[in-house]
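The values are calculated or read from the model by the stated rules, or taken from the named source; none is laboratory data. Computed from a predicted structure; not experimentally measured. Here the Cβ positions follow ideal geometry from the backbone for every residue, glycine too, while neighbour counts run over all protein chains shown. Surface areas here come from the heavy atoms of the whole protein model, side chains and all, with no ligands, DNA or RNA. Shrake-Rupley method; radii C 1.70, N 1.55, O 1.52, S 1.80 Å.
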Amino acid sequence: KDYLLRHPEMEQRCTKGGERIYLTTDSVEKFENTAKLLSYIDKAIDCFSGATGIERLAEVRFIKANLLWKSCDEVVDKEKQIELCTLCREECRMAYCIFEVLGREEKVQEVEAFCEEKLQWHITMQMK
């Protein structure tokens, strides 16, 4: 039924009611749309994390990873690009783990392919 009810150890690891602040050295207008989308996705993650549809949570995290990756092209600052890439990897890890626990092999492979093709990163080497 509810994943977090069945796995209280995972719920304890989840933060609730947190706040994210995004700073940019790029043009504010360019970043505002991305920040707004990230904010909406964060809200969706918060909503889904308490729901029974844990697979939806993984899907939203993977969508967020894609958005973070696309945002890297819009950012000029190299440090900010590295930060976005790190956040992207974190979202991929979360999606990957959830899909793997659920036995959604095609989704696991999709996350693996994204990480290899877009991030030049082998997620499976990080998961062992």
Test each condition in (1) surrounded by fewer than 16 Cβ atoms within 10 Å (Cβ to Cβ); (2) in contact (Cβ under 8 Å) with a residue 24 or more places away in the chain; (3) in a helix (DSSP H, G or I) for L68 and report the one that comes out false. (1)
Where residues in the range 71-83 are at pLDDT below 85 and open to solvent by 70 Å² or more (accessible area, probe 1.4 Å), which of them is farthest from the chain's Cα centre (by Cα)? V76
Can you spot a residue in the range 98-115 that is more than 22 Å from C14 (Cα to Cα), at pLDDT 95 or above and among the polar types (S, T, N, Q)? yes
Working only within the range 87-109, note down all residues that are open to solvent by less than 80 Å² (accessible area, probe 1.4 Å) and more than 8 Å from the chain's Cα centre (by Cα). Y96, C97, I98, F99, L102, G103, R104, K107, V108
Filtering the range 24-34 down to residues that are part of a helix (DSSP H, G or I) and crowded, with 16+ Cβ neighbours inside 10 Å, which residue is modelled with the highest pLDDT? T34
